[in-house]
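Take a look at the structure below.
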Amino acid sequence: MQLVMRKFVPGAMLAAVLIVAGAAPAQMRGGSPGGAMGGMQQQSPQAGMPGMQPGMNAMQNSEQMNFIGNMRRNMKAETELSKIAEKNSQNDGVKKFAQQIINEDRQADTELSSRMSANGMNQGMMASPEIPKETKKAEKDMKKMSGPQFDANYLGQLNAYLKNDQQLTQQAVASNDMQSMQDTVMRLRSQADQREQQLAQLAKAENFKMQ
């Protein structure tokens, strides 16, 4: 039996919230930063303001802070969704994948914090973009679910964030302003690709159709 994910918050809709078409690529080319990478609006730091590393130009610092902020937003959402999965899923494969997401995101957050300190960024002055209201609604609804219905919705929500992780890291790899973080970016890029493959394999094995 094929289980279709209920459409209260489709993954495609959430992905559209996370990504504003055309905004991020222009910013990564070095244009005026009208919004954060991933299309989420956040204030860009200006030269001389707290959070700026002496010697770094405003654009380079802005790109790095935007990348870290958006990745942290995604990791927070992925972790919160996965904690619900640990409690509500009855599928061993889904629960194992959820625990992997939690552990990896904890490690990645520590790495990003270390990178910020190494680059002289003031972590106390940096706020990540808000988790979209679509995700918060999905979390509320999913707490009432269990079994295959929950699993299909969890994987659908998580899929939108993993795809956004791929997009953010791909853009960062191509940005000259992210060169000082390339080792971290490349590791996160590889992790994002691996996760997406694992999710697709899990959904196929359990015959979940995500929309």
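Every number here is computed from the coordinates shown, using simple stated rules; none is lab data. Just so we're clear, the structure is a prediction, and the values are computed from it rather than from any experiment. All Cβ positions, glycine included, derive from the backbone under ideal geometry; neighbour counts span all protein chains shown.
Summary of values
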read-out: Straight-distance crosslink candidates among aspartates and glutamates, where the alpha carbon sits under 17 Å from residue 143 and sequence neighbours closer than 8 are dropped; value: 78, 80, 86, 134, 151
read-out: Which listed pairs, of 83/136; 76/133; 96/144; 83/144, have C-alpha distances above 18 Å, in listed order; value: 96/144
read-out: Separation of the residue 205 and residue 186 label points, Cα + 7 Å toward Cβ, nm; value: 3.0 nm
read-out: Cα-centred dipole magnitude for region 90-211, charges only on beta-carbon of K, R (+1) and D, E (-1), debye, nearest 20; value: 380 debye
